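What follows is one structure encoded as structure tokens, with my remarks underneath.
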Ligand code: SAM
């Protein structure tokens, strides 16, 4: 078996976007003002998503994450979770959310069998949080509290690093996570959607933050994997908190352990976030579900999964990125 074959065989994790809409200025979808849910033809139905998941399970996928946009703006997400959990061969279903609607839905999600929640939290100061996301921090904190009370097996906080915008939030976020026993992950800003998102002046590398934390405390690598993604985890001995670093640009080994593919809300399979290749599955879902066609196309797309992302190609000016990321 070649290295490429074994790399692709280790892919077992599907991120399912259930909407591209968001009720906040999420960095992927801004500026999109959410005025209420609207079902559109473009969106895969839950039945179509479940059929795609079932085929992926036949091909060895075991772990699933519901995401978006903001998944909790779409009605019925707990039913979708329940449906995925019930498919024989599914090991775990998790969710990524901005947390603003979590408080009201956490119990239903837990009851449906959701195994873990990642909550985006780019700041812990309400004003700063509002400046970055346009949302109300209080709602997110209520969501996190509800999830903790319900005893979800895994709750992680995701902070996207933004130079000059949330650098001063890092220490308070560490305290917040430490006090609640939550894992805090720092995500490097990626040039997704548009290169405008990432500019030399707002890029703050995960390696820079790691060096900063190393000066404050001892960072002990956490042996066992705490998730399915490319995050590198450490325990801060004195502070008593586990932190993760996700450095798509500065971590040169970022893609080596990549085990995921993405299903977009409009039914395309995207084998790599940092590569624009997408394959439309809708011809195999509509007007009727063609399981064989779906399976062949899924497998073919899996075989084409790039060994490395091309984020660095989008980043301009390239030299500055290399300097920042080094
Ligand atoms: N709406 C949900 C949320 O806020 O978590 C789920 C979708 S969001 C796209 C998933 C994660 O990607 C969040 O942690 C978000 O902060 C992060 N993210 C968004 N834009 C990003 C970017 N340009 N670079 C890196 N991470 C980003």
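The values are calculated or read from the model by the stated rules, or taken from the named source; none is laboratory data. Because the structure is a prediction, the values reported are computed rather than measured. Counting neighbours? That spans all protein chains shown, and the Cβs are built from the backbone with ideal geometry, glycine included.
Of the residues in segment 176-195, how many are more than 10 Å from the ligand (Cβ to nearest atom) and either modelled with pLDDT under 90 or on the phi > 0 side of the Ramachandran plot (or both)? Qualifying residue count for the region: 2.
Does any residue of segment 203-216 turn out to be away from the ligand (no atom under 16 Å from the Cβ) and within 21 Å of residue 92 (Cβ to Cβ)? Walk me through how you get there before you give the answer.
Quick first cut of segment 203-216, residues away from the ligand (no atom under 16 Å from the Cβ) only: 210-216.
Filter once more, keeping what is within 21 Å of residue 92 (Cβ to Cβ): none.
No, segment 203-216 contains no residue that is away from the ligand (no atom under 16 Å from the Cβ) and within 21 Å of residue 92 (Cβ to Cβ).
Confirm whether residue 95 is within 9 Å of the ligand (Cβ to nearest atom), in contact with a strand residue (DSSP E or B) (Cβ under 6 Å, 6 or more places away or on another chain) and part of a helix (DSSP H, G or I). Considered against the rule, which asks whether it is within 9 Å of the ligand (Cβ to nearest atom), in contact with a strand residue (DSSP E or B) (Cβ under 6 Å, 6 or more places away or on another chain) and part of a helix (DSSP H, G or I), residue 95 comes out as no. The set of residues in segment 242-278 being touching a strand residue (DSSP E or B) at 6+ places or on another chain (Cβ under 8 Å) and free of Cβ contacts under 8 Å to residues at least 24 places away in the same chain consists of 268, 270, 278. For segment 151-163, state whether one or more residues are touching a strand residue (DSSP E or B) at 6+ places or on another chain (Cβ under 9 Å), surrounded by fewer than 22 Cβ atoms within 10 Å (Cβ to Cβ), without any contact (Cβ under 8 Å) to a residue 60 or more places away in the chain and part of a helix (DSSP H, G or I). The answer is no, given that none of the residues of segment 151-163 is touching a strand residue (DSSP E or B) at 6+ places or on another chain (Cβ under 9 Å), surrounded by fewer than 22 Cβ atoms within 10 Å (Cβ to Cβ), without any contact (Cβ under 8 Å) to a residue 60 or more places away in the chain and part of a helix (DSSP H, G or I). In summary, residue 84 fulfils each of the numbered conditions (1) within 16 Å of the ligand (Cβ to nearest atom); (2) closer than 25 Å to residue 268 by Cβ; (3) at pLDDT 95 or above with the single exception of condition (1).
The set of residues in segment 114-132 that are within 19 Å of the chain's Cα centre (by Cα) and not in a helix (DSSP H, G or I) comprises 114, 115, 116, 117, 118, 119, 120, 121, 122, 123.
With the condition being farther than 19 Å from residue 122 by Cα, I'd like the strands (runs of 3 or more DSSP E) fully within segment 168-247 carrying at least 1 qualifying residues.
Details: elements: 183-188, 219-221, 232-236, 241-246.
Those strands (runs of 3 or more DSSP E) span 219-221, 232-236.
When residue 237 is tested against (1) surrounded by fewer than 20 Cβ atoms within 10 Å (Cβ to Cβ); (2) touching a residue at least 60 places away in the same chain (Cβ under 8 Å); (3) more than 25 Å from residue 306 (Cβ to Cβ), exactly one condition is not met: (2).
Within segment 35-49, count every residue that is in contact with a helix residue (DSSP H, G or I) (Cβ under 8 Å, 6 or more places away or on another chain) and surrounded by fewer than 19 Cβ atoms within 10 Å (Cβ to Cβ). Residues meeting the conditions: 2.
When residue 79 is tested against the conditions (1) touching a residue at least 24 places away in the same chain (Cβ under 8 Å); (2) over 28 Å from residue 48 (Cα atoms); (3) more than 16 Å from the ligand (Cβ to nearest atom); (4) assigned to a helix (DSSP H, G or I), the lone failure is (2).
Only one of the listed residues (106, 123) is within 21 Å of residue 231 (Cβ to Cβ), buried (at least 20 other Cβ atoms within 10 Å of the Cβ) and either at pLDDT 95 or above or touching a helix residue (DSSP H, G or I) at 6+ places or on another chain (Cβ under 7 Å) (or both). That residue is 123.
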